[in-house]
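S.K.: Let me begin by handing over the structure; questions about it come next.
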Amino acid sequence: MTYAVVDLNAGRITYARAGHTPMMYLPGHGYDGAREVQVLAPDGLVLGLKIDDGEMFERLMVEESMPMHPGDLYLLFTDGITEAMNAEDDCFGETRLAQLVERHAHLPSDQLREHVLREIEAFVGDAPQHDDMTMILLKVDEAWTGRHGDRRRDRADREV
(Lines give C-alpha, C1' and ligand atoms only; values in the text may rest on other atoms or scores of the structure.)
Protein backbone atom coordinates (compact mmCIF):
# COMPACT_ATOMS: atom_id res chain seq x y z
CA MET A 1 0.00 0.00 0.00
CA THR A 2 1.13 3.52 -0.76
CA TYR A 3 -0.63 6.39 0.95
CA ALA A 4 -0.42 9.97 -0.28
CA VAL A 5 -1.88 13.22 1.02
CA VAL A 6 -2.03 16.14 -1.41
CA ASP A 7 -2.07 19.52 0.36
CA LEU A 8 -2.93 22.11 -2.27
CA ASN A 9 -2.68 25.00 0.19
CA ALA A 10 0.87 24.09 1.20
CA GLY A 11 1.78 22.87 -2.29
CA ARG A 12 3.09 19.54 -0.94
CA ILE A 13 2.51 15.85 -1.31
CA THR A 14 3.23 13.62 1.68
CA TYR A 15 3.45 9.88 1.19
CA ALA A 16 4.32 6.61 2.88
CA ARG A 17 4.66 3.05 1.62
CA ALA A 18 3.72 -0.11 3.49
CA GLY A 19 6.22 -2.43 1.82
CA HIS A 20 4.51 -2.67 -1.55
CA THR A 21 4.91 -1.03 -4.94
CA PRO A 22 6.64 2.34 -5.02
CA MET A 23 5.23 5.59 -6.35
CA MET A 24 6.65 7.01 -9.57
CA TYR A 25 7.31 10.72 -9.94
CA LEU A 26 8.09 12.66 -13.09
CA PRO A 27 9.12 16.27 -12.38
CA GLY A 28 7.30 19.05 -14.21
CA HIS A 29 8.73 21.11 -17.03
CA GLY A 30 10.48 23.63 -14.74
CA TYR A 31 12.72 20.96 -13.20
CA ASP A 32 16.44 21.80 -13.49
CA GLY A 33 17.66 18.20 -13.94
CA ALA A 34 16.92 15.54 -16.52
CA ARG A 35 13.18 14.94 -16.78
CA GLU A 36 13.24 11.26 -15.84
CA VAL A 37 10.92 9.16 -13.70
CA GLN A 38 12.07 8.86 -10.13
CA VAL A 39 10.95 5.83 -8.13
CA LEU A 40 9.87 6.92 -4.65
CA ALA A 41 10.07 3.98 -2.24
CA PRO A 42 10.41 5.03 1.39
CA ASP A 43 10.89 2.23 3.91
CA GLY A 44 7.83 0.60 5.38
CA LEU A 45 6.63 -2.74 6.67
CA VAL A 46 3.92 -4.64 4.78
CA LEU A 47 0.48 -3.65 5.98
CA GLY A 48 -1.47 -6.33 7.87
CA LEU A 49 1.35 -8.42 9.32
CA LYS A 50 0.56 -9.40 12.88
CA ILE A 51 4.08 -9.57 14.25
CA ASP A 52 3.60 -7.50 17.39
CA ASP A 53 1.27 -4.82 18.69
CA GLY A 54 2.13 -2.46 15.82
CA GLU A 55 5.36 -1.11 17.29
CA MET A 56 7.51 -2.55 14.48
CA PHE A 57 5.16 -1.15 11.83
CA GLU A 58 5.35 2.33 13.41
CA ARG A 59 9.13 2.12 13.79
CA LEU A 60 9.76 1.03 10.19
CA MET A 61 7.25 3.36 8.51
CA VAL A 62 8.92 6.33 6.82
CA GLU A 63 6.79 9.27 5.72
CA GLU A 64 8.27 11.63 3.14
CA SER A 65 7.09 14.96 1.81
CA MET A 66 7.99 17.01 -1.22
CA PRO A 67 6.82 20.20 -2.89
CA MET A 68 4.54 19.97 -5.91
CA HIS A 69 5.16 22.02 -9.05
CA PRO A 70 3.20 22.65 -12.25
CA GLY A 71 3.52 19.73 -14.64
CA ASP A 72 4.56 17.21 -11.97
CA LEU A 73 3.17 13.74 -12.53
CA TYR A 74 2.70 11.11 -9.81
CA LEU A 75 1.78 7.49 -10.53
CA LEU A 76 0.58 5.07 -7.87
CA PHE A 77 -0.08 1.51 -9.02
CA THR A 78 -0.65 -2.03 -7.83
CA ASP A 79 1.76 -4.85 -8.61
CA GLY A 80 -0.71 -6.20 -11.17
CA ILE A 81 0.53 -3.44 -13.49
CA THR A 82 4.25 -4.22 -13.30
CA GLU A 83 3.84 -7.97 -12.76
CA ALA A 84 1.51 -8.46 -15.75
CA MET A 85 3.04 -11.47 -17.56
CA ASN A 86 3.16 -12.55 -21.15
CA ALA A 87 3.07 -16.17 -22.37
CA GLU A 88 6.83 -16.52 -21.65
CA ASP A 89 6.28 -15.45 -18.00
CA ASP A 90 8.14 -12.16 -18.54
CA CYS A 91 6.85 -9.30 -16.38
CA PHE A 92 5.90 -5.91 -17.82
CA GLY A 93 8.15 -4.34 -15.16
CA GLU A 94 8.81 -0.97 -13.55
CA THR A 95 11.40 0.02 -16.17
CA ARG A 96 8.96 -0.39 -19.05
CA LEU A 97 6.28 1.49 -17.09
CA ALA A 98 8.68 4.35 -16.28
CA GLN A 99 9.75 4.63 -19.93
CA LEU A 100 6.11 4.81 -21.04
CA VAL A 101 5.39 7.57 -18.53
CA GLU A 102 8.46 9.55 -19.64
CA ARG A 103 7.58 9.27 -23.34
CA HIS A 104 3.89 10.05 -23.00
CA ALA A 105 3.69 12.40 -19.99
CA HIS A 106 2.51 15.19 -22.30
CA LEU A 107 -0.83 13.40 -22.74
CA PRO A 108 -3.83 14.25 -20.55
CA SER A 109 -4.19 11.84 -17.62
CA ASP A 110 -7.02 9.83 -19.14
CA GLN A 111 -5.13 9.32 -22.41
CA LEU A 112 -1.91 8.41 -20.59
CA ARG A 113 -3.80 5.86 -18.49
CA GLU A 114 -5.40 4.30 -21.56
CA HIS A 115 -2.06 4.23 -23.38
CA VAL A 116 -0.40 2.39 -20.47
CA LEU A 117 -3.25 -0.13 -20.30
CA ARG A 118 -3.08 -0.74 -24.09
CA GLU A 119 0.69 -1.29 -23.86
CA ILE A 120 0.21 -3.80 -21.04
CA GLU A 121 -2.50 -5.57 -23.05
CA ALA A 122 -0.23 -5.77 -26.10
CA PHE A 123 2.66 -7.06 -23.96
CA VAL A 124 0.55 -9.72 -22.24
CA GLY A 125 -1.12 -10.92 -25.43
CA ASP A 126 -3.30 -13.98 -24.80
CA ALA A 127 -1.80 -14.79 -21.38
CA PRO A 128 -4.38 -14.75 -18.57
CA GLN A 129 -4.51 -11.82 -16.15
CA HIS A 130 -3.39 -13.09 -12.73
CA ASP A 131 -3.83 -9.97 -10.58
CA ASP A 132 -5.81 -6.76 -10.36
CA MET A 133 -4.47 -3.73 -12.22
CA THR A 134 -5.07 -0.43 -10.48
CA MET A 135 -3.42 2.87 -11.25
CA ILE A 136 -3.84 6.42 -9.98
CA LEU A 137 -2.37 9.27 -12.00
CA LEU A 138 -2.03 12.74 -10.55
CA LYS A 139 -0.89 15.54 -12.83
CA VAL A 140 -0.43 18.98 -11.32
CA ASP A 141 -2.15 21.58 -13.46
CA GLU A 142 0.26 23.77 -15.43
CA ALA A 143 -1.64 26.89 -14.27
CA TRP A 144 -1.15 26.05 -10.59
CA THR A 145 1.98 27.66 -9.15
CA GLY A 146 2.24 25.79 -5.85
CA ARG A 147 3.41 28.86 -3.90
CA HIS A 148 1.60 30.45 -0.95
CA GLY A 149 -0.55 33.35 -2.06
CA ASP A 150 0.49 32.98 -5.68
CA ARG A 151 -2.07 30.61 -7.18
CA ARG A 152 -4.13 31.15 -10.26
CA ARG A 153 -6.04 27.94 -9.49
CA ASP A 154 -6.12 25.68 -6.46
CA ARG A 155 -6.55 22.38 -8.21
CA ALA A 156 -4.74 19.36 -9.53
CA ASP A 157 -6.00 17.16 -12.33
CA ARG A 158 -6.63 13.66 -11.00
CA GLU A 159 -7.61 10.55 -12.89
CA VAL A 160 -8.33 7.13 -11.47
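S.K.: All but one of (1) surrounded by fewer than 17 Cβ atoms within 10 Å (Cβ to Cβ); (2) within 21 Å of the chain's Cα centre (by Cα); (3) modelled with pLDDT of 90 or more hold for Ala122; which doesn't?
M.R.: Failed condition: (2).
S.K.: Is it the case that the stretch 9-28 has a residue that's more than 26 Å from Glu121 (Cβ to Cβ), open to solvent by 60 Å² or more (accessible area, probe 1.4 Å) and either modelled with pLDDT of 90 or more or not charged (D, E, K, R) (or both)?
M.R.: Yes, the stretch 9-28 contains at least one residue that is more than 26 Å from Glu121 (Cβ to Cβ), open to solvent by 60 Å² or more (accessible area, probe 1.4 Å) and either modelled with pLDDT of 90 or more or not charged (D, E, K, R) (or both).
S.K.: Looking at Asp53, Asp72 in this structure, which one is of a type outside the set (Phe, Trp, Tyr) and open to solvent by 20 Å² or more (accessible area, probe 1.4 Å)?
M.R.: Asp53
S.K.: Please verify whether the stretch 139-147 includes one or more residues that are in a helix (DSSP H, G or I), open to solvent by 70 Å² or more (accessible area, probe 1.4 Å) and among the acidic types (Asp, Glu).
M.R.: No: zero hits.
S.K.: For Gly44, which of the numbered conditions (1) at pLDDT below 90; (2) surrounded by fewer than 17 Cβ atoms within 10 Å (Cβ to Cβ) fails to hold?
M.R.: For Gly44, the exception is condition (2).
S.K.: Step by step: first the residues of the stretch 104-116, then only those that are out of contact with any helix residue (DSSP H, G or I) (no Cβ under 9 Å at 6 or more places or on another chain) and in a helix (DSSP H, G or I), then the one that is least open to solvent (accessible area, probe 1.4 Å). Which residue is that?
M.R.: This residue is Ser109.
S.K.: Do you know which of the residues in the stretch 75-96 that are among the small types (Gly, Ala, Ser) and surrounded by fewer than 20 Cβ atoms within 10 Å (Cβ to Cβ) is farthest from the chain's Cα centre (by Cα)?
M.R.: The qualifying residue farthest from the chain's Cα centre (by Cα) is Ala87.
S.K.: Can you confirm whether the stretch 125-138 contains a residue that is open to solvent by less than 60 Å² (accessible area, probe 1.4 Å), of a type in the set (Val, Ile, Thr), under 30 Å from Leu8 (Cβ atoms) and outside any loop (DSSP other than H, G, I, E, B)?
M.R.: The answer is no; no qualifying residue exists.
S.K.: Let me ask you something else. Can you run down the residue pairs with Cβ atoms below 7 Å, 6 or more apart or on separate chains, where the first is in the stretch 112-136 and closer than 16 Å to Met24 by Cβ and the partner is polar (S, T, N, Q)?
M.R.: Close Cβ pairs (under 7 Å, with a partner that is polar (S, T, N, Q)) amount to Met133/Thr78; Thr134/Thr78.
The values are calculated or read from the model by the stated rules, or taken from the named source; none is laboratory data. Model, not experiment: these values are computed from the prediction. Heads up, the Cβs are rebuilt from the backbone with ideal geometry, glycines too, and the neighbour counts pull from every protein chain shown. Accessible surface areas use protein heavy atoms only, side chains included; no ligands, DNA or RNA. Shrake-Rupley method; radii C 1.70, N 1.55, O 1.52, S 1.80 Å.
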